[in-house]
Amino acid sequence: MSSKDWIEKDFYAVLGVDKAASADDIKKAYRKVARESHPDHNPGDPKAEERFKAASEAYNVLSDSGRRREYDEMRSLFGSGAFRRNARGGGQPGGMPFDVSDMFGGGAGDRRFGGGGFQDLFSSIFTGGQAGGQAAPRGPARGRDVETEVALDFGDAVRGVTLPLTLRAPGVCDTCHGNGAKPGTQPQTCPVCHGAGVTTRNQGSFSFSEPCRNCQGVGTVVEEKCPECHGSGGVTKTRTMNVRFPAGVADGQRIRLAGRGEPGERGGPAGDLFVHVKVRPDELFGRTGDDLTLTVPVTFAEAVLGTDLRVPTLDGAVTLRVPPGTPSGRVLRARGKGVVRRDGQAGDLLVTLDVVVPARVSDEARTALESFAEQTPPAAREHLDARVRRVS
Ligand SMILES: [Zn+2]
Ligand SMILES: [Zn+2]
């Protein structure tokens, strides 16, 4: 068993005995608990089984005087600092820490939005030096972050676009402003815990705090429920907002919109909205960073003789000069015709020339080509020919 287990577990409380109990008292107490919670007497009762196991564990330590001393020392070391003392444990040396598992086993939670209550409750109980087991009022809570995905057209992503975005997410009920009470009525202080959100249970000479079962730890109860949210304080809301996608937003990028997530609770700040951007491919243009790419087929004659090409850009068209003797695969650059960045500078349009070889030619063209071939020096393949001779 680790020391952490020892700090968190209250073996005396498990057996219901005083910290100063004699070995004999401990043995008697253990026998009583073990008898009551024995699985044979409580078939199919997991709580009894748990209690039985806990009692065995506790007795295991407390029945051994050496281990008991070690345990006491560790508890007095940590009991004064890490955990706040039980109000009724003030007279006991070392005090009695709260049993953490006991507190949170009962399903303490934020009844309004089904989460977050655990942490709130934990921090409010284990911070601050209030006496008497009073939980601090629960403070503001930041709203949750929301994630969504948006598909943009290629051109919209390059130029930037503002789109309406509709989100369905839990929000605070407008009718009751989140307190769950029918308009004109107010949530009442919980009569069981008197607003503390925790109740104290006595066991032997010790007391334990646990979340109030009557109000689920909230501290208030609603007598007449809000008709809109049926007392939950929360409703599913459809929100539509205009979202600006900056020019040049890329596929796979995530845009964070601070404060556009779920509203906070009890005056807390709103969460953030994260938009995952998908960019639909364009049928003509590709994109590499801030440059747009385009492949343009040219004939052999155009590549050899040179030509002026009229090519489209995302906005309009440009004329590109193909100089005589341009090889296939050459990339021509149309400056400033790419993606306009935030600083106002723009990428380029990169045009790749693709010399197309006709699959079939006319007789006249064949004759002309044969004539062309006769007047053209052979391709520079000497370096390959040398290797061919060596290996064959
Ligand atoms: Zn409501
Ligand atoms: Zn209560």
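What to note about this one:
- Single residue of segment 13-68 satisfying the filter (among the polar types (S, T, N, Q) and in a loop (DSSP other than H, G, I, E, B)) that is surrounded by the most Cβ atoms within 10 Å (Cβ to Cβ): Asn42
- Options Val249, Val243, Val235: the member that is of a type in the set (Val, Ile, Thr), more than 16 Å from ligand 2 (Cβ to nearest atom) and touching a helix residue (DSSP H, G or I) at 6+ places or on another chain (Cβ under 6 Å): Val249
- Tally of residues being open to solvent by 40 Å² or more (accessible area, probe 1.4 Å), under 12 Å from Gly143 (Cβ atoms) and not in a loop (DSSP other than H, G, I, E, B) across segment 240-270: 0
- Single unsatisfied condition, Lys278 versus (1) more than 30 Å from Val192 (Cβ to Cβ); (2) touching a residue at least 60 places away in the same chain (Cβ under 8 Å); (3) in a loop (DSSP other than H, G, I, E, B); (4) not hydrophobic (A, V, I, L, M, F, W, C): (3)
- Only one of the numbered conditions (1) surrounded by 11 or more Cβ atoms within 10 Å (Cβ to Cβ); (2) closer than 23 Å to Val161 by Cβ is not met by Val298, and that is (2).
- For the residues Asp145, Asp156, the requirement of being more than 12 Å from ligand 2 (Cβ to nearest atom) and over 23 Å from the mean Cα position of the chain (by Cα) singles out Asp156.
- Among (1) open to solvent by less than 60 Å² (accessible area, probe 1.4 Å); (2) under 29 Å from the mean Cα position of the chain (by Cα); (3) within 16 Å of ligand 2 (Cβ to nearest atom), the one test that Thr220 misses: (2)
- Ser205 within 16 Å of ligand 1 (Cβ to nearest atom) and open to solvent by 10 Å² or more (accessible area, probe 1.4 Å): no
- Within segment 341-355, the set of residues being surrounded by fewer than 17 Cβ atoms within 10 Å (Cβ to Cβ) and under 42 Å from the mean Cα position of the chain (by Cα) comprises Arg341, Arg342, Asp343, Gly344, Gln345.
- Among residues of segment 265-295 being out of contact with any Gly (no Cβ under 9 Å at 6 or more places or on another chain) and hydrophobic (A, V, I, L, M, F, W, C), the one that is nearest to Thr166 (Cα to Cα) is Val275.
- Of all residues in segment 159-201 being in contact (Cβ under 8 Å) with a residue 40 or more places away in the chain and either within 11 Å of ligand 2 (Cβ to nearest atom) or within 30 Å of Val33 (Cα to Cα) (or both), the one that is most open to solvent (accessible area, probe 1.4 Å): Thr200
- Once segment 370-392 is narrowed to residues that are of a type in the set (Val, Ile, Thr) and not in a loop (DSSP other than H, G, I, E, B), the residue that is most open to solvent (accessible area, probe 1.4 Å) is Val391.
The values are calculated or read from the model by the stated rules, or taken from the named source; none is laboratory data. The model shown is predicted, which means the values in this text are computed figures rather than measured ones. Glycine gets a Cβ as well: all are built from the backbone with ideal geometry, and neighbour counts include every protein chain shown. Surface areas here come from the heavy atoms of the whole protein model, side chains and all, with no ligands, DNA or RNA. Shrake-Rupley method; radii C 1.70, N 1.55, O 1.52, S 1.80 Å.
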